[in-house]
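Data block below; observations after.
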Amino acid sequence: MPDLAEQILPRLTSQTLPGLPLWPGAVLPHYGGYSIANMTASLAAWLGTPPFGTTPLAPELTDPLGPDVRRAVVLLMDSMGYLRFKEQLHEPGSPWARLSQAGVFGALTSVFPPTTVAALTSMWTGRPPGEHGVLAYELWLREYGAVVNMVKLSPMATDSRPELLAEAGFEPAKFLTVPTLGQHLEAAGIPFHAFLQFQLTESGLSKMLLAGAEIHGFFSPSDQWVNLREHLEATAGQRQLCWTYWPLVDTLAHHYGPATSRLTHEVNAYGQTMADAFLDLLNSAAREGTALIVLADHGQVLTPKLEAFELKNYPDLLDHLHILPTGEHRAAFLHCRPGQVAAARQYVEKTWPGHFQVVDQAAAIASGLYGKTLDRRTASRLGELLVLARNDAYWWWASEPNALLGRHGSLGAEEMLVPFLAARLDRM
């Protein structure tokens with residue numbers, strides 16, 4: 001089967017958006033068939049439901065799997081960027097290379113910003129972030145009067161107490177104004193099974209995105225893959241979607257940096273467990289018509305700890321803002337005080353020359369960076385200015401010490417490009 005990545009990459013890395021000039025090397029989201037948001041429509045088509053979401057994946061990525069896929073198993077490896085994953089394919093004896101040789105290997109972009117909450121919401125709604133409104137890890141929700149942690153769905157100021165947001169009337173399952181794929185599949189009578197680590201099964205984000213899914217918890221990679229294999233064998237021949245999620249790449253990359261050897265060893269070990277407990281043992285009946293799709297939500301960039309990027313050292317910036325920045329450390333949303341937009345821009349450009357690009361949010365919205373259409377609440381969540389980090393820059397504004405060596409959220413190739421690997425299990 002074909003390796004399409006080298007054919008696809010030039011069109012992903014050469015995109016431009018009207019009215020949004022950016023630095024050389026910036027990679028933009030490709031919502032026209034080459035982004036994680038396009039996966040959803042393809043899943044609906046494979047599973048035989050009415051159309052759902054926006055544009056499906058480009059045919060060159062899906063046609064090699066054939067027209068008779070009845071069951072899809074989607075593995076999302078959090079933070080496994082394309083450039084990093086390609087290195088894993090060349091590791092001796094790599095099970096990922098085995099999948100690549102049996103299937104199709106390509107590349108996609110993340111959405112903007114390239115971060116888990118935005119990307120997963122796009123994946124499960126089939127819509128770009130501007131349309132579903134879940135735009136970043138930290139988000140100003142005007143309707144609740146709070147800056148909210150969009151993973152825990154709790155106020156950032158007290159992010160260990162999600163009940164405070166619930167007391168204000170927040171209901172995760174009712175927050176989105178667009179339907180989810182799980183709801184769509186449920187209405188069509190197609191089972192949807194989600195396999196998650198036990199500590200994630202009750203997270204706010206899981207409750208928001210996985211309505212309509214049957215949740216299966218697991219403890220470890222071996223537990224994950226045995227559970228999935230046993231489930232597929234028990235439901236052989238049944239049209240269905242199974243989704244499974246592995247977060248440890250993201251954890252390691254954040255704390256040690258994305259180039260750590262720990263990550264290479266962990267991904268190899270995880271892939272070997274997949275091969276030993278799943279690929280090598282799955283029976284032929286369970287393989288029939290089943291496609292395995294491996295992809296990621298975003299990658300990461302190495303961001304050394306530098307005092308120059310800690311906002312506690314620049315209190316004058318806050319004179320121009322209503323609240324601390326929101327969004328992502330590498331894609332900050334500035335909510336400016338009246339008459340202070342130009343001053344805030346000037347402060348950033350003068351204080352950190354060459355490290356950031358400041359963009360008017362109105363221009364970013366008009367360009368299609370967040371997608372062609374917007375949820376009615378999106379503009380208020382974005383503020384007036386977008387501060388995009390270049391190279392290894394970032395901002396740290398939390399009160400606790402900066403503990404991260406890897407980050408994501410801006411338009412670098414390392415964080416925007418993700419792998420797409422798909423194979424028919426009945427052909428292996």
For T326, distant residues with modelled amide H under 5 Å away: F333, H335
Helix-only estimate, please: 222 nm mean residue ellipticity of the chain, summing -39500 (n - 2.57) across DSSP H runs of length 4 or more and dividing by its residues, to the nearest 500. -8500 deg cm²/dmol
For region 16-95, listing trypsin sites (Lys or Arg not before Pro) in a DSSP loop whose Cβ sees at most 16 other Cβ atoms within 10 Å gives R70
Under 10 Å, Cβ to Cβ, from R142 - net charge with Lys/Arg +1 and Asp/Glu -1: +1
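Please compute the alpha carbon radius of gyration of region 307-403, then divide it by the globular-protein estimate 2.2 N^0.38 Å. Two decimals is fine.
It is 1.06.
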Mind putting a number on the dipole of region 110-168 about its Cα centre? Charges go on the C-beta only, +1 for Lys and Arg and -1 for Asp and Glu, and I need it in Debye to the nearest 20. 120
Using the crude model of +1 on Lys and Arg Cβ and -1 on Asp and Glu Cβ, and no other charge, please compute the dipole size for region 307-403 relative to its Cα centre, in debye to 20. 400
Just name one of M416, V301, L282: the one whose Cα is farthest towards the positive end of the charge dipole of the chain (beta-carbon charges, Lys/Arg +1, Asp/Glu -1). M416
Is the shape of region 24-142 rounded, prolate or oblate, going by the alpha carbon gyration tensor and its root eigenvalues a ≥ b ≥ c, with a/c under 1.5 for rounded and a/b larger than b/c for prolate? oblate
Classify region 188-227 from the C-alpha gyration tensor, please: rounded if a/c falls under 1.5, else prolate or oblate depending on whether a/b exceeds b/c. oblate
Under a Cβ-Cβ cut-off of 13 Å, what is the net charge of the residues other than Y82 that fall near it, where Lys and Arg count +1 and Asp and Glu count -1? -4
Work out from phi, with θ = phi - 60° and the Karplus expression 6.51 cos²θ - 1.76 cosθ + 1.60, the ³J(HN,Hα) of each residue of region 413-422, listed in order in whole Hz, and give x for Gly and Pro. 4, 4, 9, 8, 8, 10, x, 10, 10, 9
Output ordering of 164-174, 361-371 (per-residue mean of other Cβ within 10 Å, highest first) is 361-371, 164-174
For the chain, with only Lys/Arg (+1) and Asp/Glu (-1) charged at the beta-carbon, what is the dipole magnitude about the Cα centre, in debye rounded to 20? 620
Local electrostatic count at A72 - Lys and Arg +1, Asp and Glu -1, tallied over other residues with Cβ under 11 Å: +4
From the C-alpha coordinates alone, can you work out the Kirkwood hydrodynamic radius of region 252-294, in Å? 12.3
quick note, the chain, DSSP beta bridge pairs, % antiparallel (nearest 5) is 55
Which whole-number percent gives the relative contact order of the chain, counting Cα pairs below 8 Å spaced six or more residues apart? 26
Select one label from (1) 24.0, 75; (2) 21.5, 78; (3) 20.9, 67: the one whose number is Rg and Dmax of the Cα atoms in Å as derived from the coordinates shown. (3)
Can you tell which of T116, W140, A344 lies farthest toward the positive end of the dipole of the chain, using +1 and -1 charges on the Cβ of basic and acidic side chains (Lys, Arg; Asp, Glu)? A344
Assign one of three labels to region 183-283, namely rounded, prolate or oblate, based on the Cα gyration tensor with a ≥ b ≥ c the square roots of its eigenvalues; rounded applies when a/c is under 1.5, prolate when it is not and a/b is larger than b/c, and oblate otherwise. oblate
Which one, A362, N313, Q7, projects farthest toward the positive side of the charge dipole computed for the chain from Cβ point charges (K/R +1, D/E -1)? A362
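Values in this text are rule-based calculations from the coordinates and carry no lab data. Since this is a predicted model, take the numbers as computed values, not measurements. Because the Cβ atoms are built from the backbone with ideal geometry, glycine has one as well, and the counts that use them run over all protein chains shown.
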